[in-house]
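A.B. asks: If you scroll down you'll find the structure; I have some questions about it.
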Amino acid sequence: MNVLIADDHPFTLQGTKSFVEAYGYKVADTCSNGVAALNLIKLHHPDIAILDINMPGLDGLDVSLKVQESKLRTKIILLTMHKEMTIYKKAIEYGIYGYILKEHAQTELEKCLEEVAKGNRYVSTFLEDDLFQDHSNDDNLLSKLTLSERKIIELIAQQKTSKQIAGLLFLSEKTVEGHRSNIIEKLGLPKEKNILLKWVILNRI
Amino acid sequence: MSVKKYIIQFRILFFLCLLILGACNKQKEETIIYKKPLKLNFDATCTWLNDVENYNKKNYLSVFYTYYNQKIKEGKFIEASRAMEIVSLKKSSHVSFDKPFMNTINFYSKNYRNKVPAINASFVESYLGDYYTDKGEFAKAISYYTKNTLIPVNDYKSCYKKGDAYSTISWCYQCIGDQKSALAANYKALDYFKQTDQTNILQTLYDNFGGIYEAMHDYDNALKNNSLAIKYTRGEKYSNVYTYLFNRINIYDHAGQYDKMYALSDSTYHSFKKSGEVNTWIEVPLTQYYIKKLYHEGKFEESKNLLDELKPEVIALNSNITNLEYDVLVAEYEIKKNKGIKDTKLIKKSIPILLENRHFGKLRDCYSVLLDDAVAKKDYKNAHLYAVEGAKIQDSIASMEMANAVIEFDVKYKTKKKEQQIALQENTIQNKNTTIALLVSVLIGLGLIGVALVLLQKQRKLKKEKQNTQLYTKQLLEKTEEERKRIASDLHDSVSHELLSLKNTFEENAESTNKKIDGIINDIRSISRNLHPIMFDKVGLKATINQMVERTQNVNDFMVTAEIDYKGSLSSVVELQIYRIIQEALSNIIKYADAVAARISVIEYKSTIVIEIKDNGKGFNVQETLNNNHSFGLHNIIERSRAIGGEAKIVSDPNGTIITIEIKKHL
């Protein structure tokens, strides 16, 4: 298993190299910018490339895209400080195999390398947590619902019709109806008329 | 109010003014000038009858009667009327009023005149008027002439006829001393004569004016008008020049200019004799003055011969006035020659008639003769009586002359009044014009004020906008400082603090240390995100907005939906501004709107991109908020929109707020 590591921070680069080697992989090349990384990937076709995102020249995402475009067999793991979903989504779009955060590299890198080496995808658990971070601490029934669904429940409690709800939330009536059936499903309610209203009254929401 | 509207209003006002001015302009009256027909459509007989040369021929009347009777028989009344008109005019001008002709005229008037147009028979009234004039019955004469003044004017002939009727009426009034009416009638005649292309027909009018001025003792003007009358006779073969010359002599007589009177009497008399004209009516008065001149020179024998020569002509003429004039002439001769008249009856019997007809001029002559006679006969009793009567007549003339003087003053006064009236009218017109000018200038002034106001308002608006911009810049700087302060404090309070705490707990246990470090990293992420959207260039507008929407929903528990139909045709710099605008708007909604939900849409059209941020919150007063000092957010939106070539429209009411920004693509 040949691994390429690219990071513009020499300290981080050295640290990562040590870990990867410690995990029993062979570090074929290291470099400190995207352009060099891409050239080396093209030249040596390493099995795995661990890339930082923020690098001079081409960044990690650029390199990922080029690799995807060139249909190279090198699997990319992004090792980054970026915890933004926008970045992650972009990265997934570019066909990366692994996405882990630098601060949790110590705990996740080995597992990630392992999964990717097997041809699986690995996404940092800390990143996944972030997606549900805001309402995961809410432990009542509503915590299962999305914001839209909760807002709809609130408006049902105010005796609003689907049409009124659609108007108030700038949604289409159809969307609201869709949300309603999702809510019924999520709450495990029987499919009967005005069941949501009854449930709302019953639960004094 | 927009400038355009002002301009339109101003234009409307301006046109109104023009209309008013147009209406105030006097319409010029057009006077129709009737042209005298060049050729008289007379047949041979009528042409012959019309020739003055033929009037004194013995067969003149028989030619007329034959022609007239034949035409009547043939039913050609127009021709018959024409012939009779010609003859009646000739007879009138020669003061010849014989019975057979009068009867013919009366018969014609009774039976045939309604078979021809009124104008063709108007000569009947002229002839009858002339007849009564000669008889001294002026009232009757005037009534006949007046009928002819009713002729409707539609051609040269009718116009001339009407003017002629007024002219003759004027002369009649002059004879009976009603100078006022004379003047009025003469002016009317002038009106009509001036509507023709013939100037020479004005001569009779100037002669009338001369007579009127004479009666008013204004001899200078009398002579002036008389000269004009004579001037217009120039070039005429058979003219009224002798009548006007006689009138001139008369003026000299009354003016006391005897030298001129005698000289003119002499020359006129000889000139008349030399001309070979046969017109007793004018010959008698001319001779009267010539004889006066002879008396003055003591040539009684010559006078007697002249009187004898004249007698058959006078008898033949049989004119009342001429008879009387002749009688007075003879009486005067007798007084001079024989110191007394053989028979005063002749004179005395005409007195009541003259008195009745108010023929004061002739009456005075009669009393003067009688007085001279009585003195000559040493009949002092009668002399006294005649003197008293004469004085009475003189008084009546004098008083009449006085009255005339008054009338003259009246006329002058009236003229003056009329002049004043005209001046007043002119003044009024001028005042009107001034008012209009004033009005126009006031309107223009108002228009200018309006324009000035609009400009001022615009300037104020600009000033306000400038102030707002300045305020915005100031606030921008302040905000930047605030931002820096916040970053500094964030870094200081969270990062530094955490690091310090980390340092203290470093030795204790590894797990809590790790947790703290993770916390610091997350803090820094948050600070960084707040400063700038992470990797905006890479992620793009759509994903960044969606991320922001998601984050707002999660963090603020606020319902936001987004519809982004954007294909990326704007530069990243512009995109960032759009992001900032949406960020600002959303932040405002969360802070102030009290809304249930908000909706963001970025829609790309063919040439524009429309960004809309709306909420269903409580709304706010846009203008008021923009003008107060706590509207940095709104100004931020407006200024950023302007910076990327768009304009933010902010509409807000109690049902919510909509911010719309339209950006042109080719930027």
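The values are calculated or read from the model by the stated rules, or taken from the named source; none is laboratory data. Here the structure is a predicted model, which means the values were calculated and not measured. Backbone-built Cβ (ideal geometry, glycine too); neighbour counts: all protein chains shown.
A.B. asks: Within the range B:623-645, identify whether any single residue is of a type in the set (S, T, N, Q), in contact with a Lys or Arg (Cβ under 6 Å, 6 or more places away or on another chain) and either more than 14 Å from every other protein chain (Cβ to nearest Cβ) or closer than 25 Å to residue B:474 by Cβ (or both), and answer yes or no. Talk me through it step by step, then tell me what you get.
C.D. replies: Initially, the range B:623-645 is screened for residues of a type in the set (S, T, N, Q), giving B:623, B:625, B:627-629, B:631, B:636, B:641.
Those left that are additionally in contact with a Lys or Arg (Cβ under 6 Å, 6 or more places away or on another chain): none.
For the range B:623-645, residues of a type in the set (S, T, N, Q), in contact with a Lys or Arg (Cβ under 6 Å, 6 or more places away or on another chain) and either more than 14 Å from every other protein chain (Cβ to nearest Cβ) or closer than 25 Å to residue B:474 by Cβ (or both): absent.
A.B. asks: Sort out which residues of the range B:225-264 are of a type in the set (Val, Ile, Thr), in a helix (DSSP H, G or I) and farther than 18 Å from residue B:281 by Cα, and write them in order of number.
C.D. replies: Within the range B:225-264, B:230, B:251 meet the criteria.
A.B. asks: How about the range B:138-173: which of its residues are in a loop (DSSP other than H, G, I, E, B) and among the aliphatic types (A, V, I, L, M)?
C.D. replies: Scanning the range B:138-173 gives B:150, B:151, B:153.
A.B. asks: Shifting gears a bit: Would you please list the contacts, defined by Cβ atoms under 6 Å and residues six or more apart or on different chains, that run from a residue in the range B:282-295 that is without any contact (Cβ under 8 Å) to a residue 24 or more places away in the chain to a residue that is buried (at least 21 other Cβ atoms within 10 Å of the Cβ) and in a helix (DSSP H, G or I)?
C.D. replies: Every condition considered, the pairs that remain are B:294/B:303.
A.B. asks: Same structure, new question: Give me the residue from the range B:511-532 that is among the small types (Gly, Ala, Ser) and either surrounded by 15 or more Cβ atoms within 10 Å (Cβ to Cβ) or closer than 15 Å to residue A:82 by Cβ (or both) and, out of that set, nearest to the chain's Cα centre (by Cα).
C.D. replies: For the range B:511-532, the residue satisfying everything is B:528.
A.B. asks: Something else: Restricting to the range A:91-112, name every residue that is more than 12 Å from the chain's Cα centre (by Cα), within 12 Å of chain B (Cβ to nearest Cβ) and at pLDDT 90 or above.
C.D. replies: Matches in the range A:91-112: A:94 only.
A.B. asks: All but one of (1) over 20 Å from residue B:324 (Cα atoms); (2) in contact with a His (Cβ under 7 Å, 6 or more places away or on another chain) hold for residue B:263; state the number of the condition that does not hold.
C.D. replies: Only one criterion in (1) over 20 Å from residue B:324 (Cα atoms); (2) in contact with a His (Cβ under 7 Å, 6 or more places away or on another chain) is unmet by residue B:263, namely (2).
A.B. asks: Further question on the same structure: Among the residues of the range A:61-83, which ones are assigned to a helix (DSSP H, G or I), within 14 Å of chain B (Cβ to nearest Cβ) and either of a type outside the set (D, E, K, R) or on the phi > 0 side of the Ramachandran plot (or both)?
C.D. replies: The answer is A:61, A:63, A:64, A:65.
A.B. asks: Here's something else I'd like to know. Out of B:528, B:512, B:501, B:496, which single residue is within 10 Å of chain A (Cβ to nearest Cβ), at pLDDT below 85 and part of a helix (DSSP H, G or I)?
C.D. replies: Residue meeting the stated conditions: B:528.
A.B. asks: Consider residue B:107 carefully, then state whether it is surrounded by fewer than 23 Cβ atoms within 10 Å (Cβ to Cβ), aromatic (Phe, Trp, Tyr), touching a helix residue (DSSP H, G or I) at 6+ places or on another chain (Cβ under 7 Å) and over 30 Å from residue B:215 (Cα atoms). Step through it out loud before you land on a result.
C.D. replies: Working: surrounded by fewer than 23 Cβ atoms within 10 Å (Cβ to Cβ): yes; aromatic (Phe, Trp, Tyr): yes; touching a helix residue (DSSP H, G or I) at 6+ places or on another chain (Cβ under 7 Å): no; over 30 Å from residue B:215 (Cα atoms): yes.
Taking the combined requirement at face value, the residue does not satisfy it.
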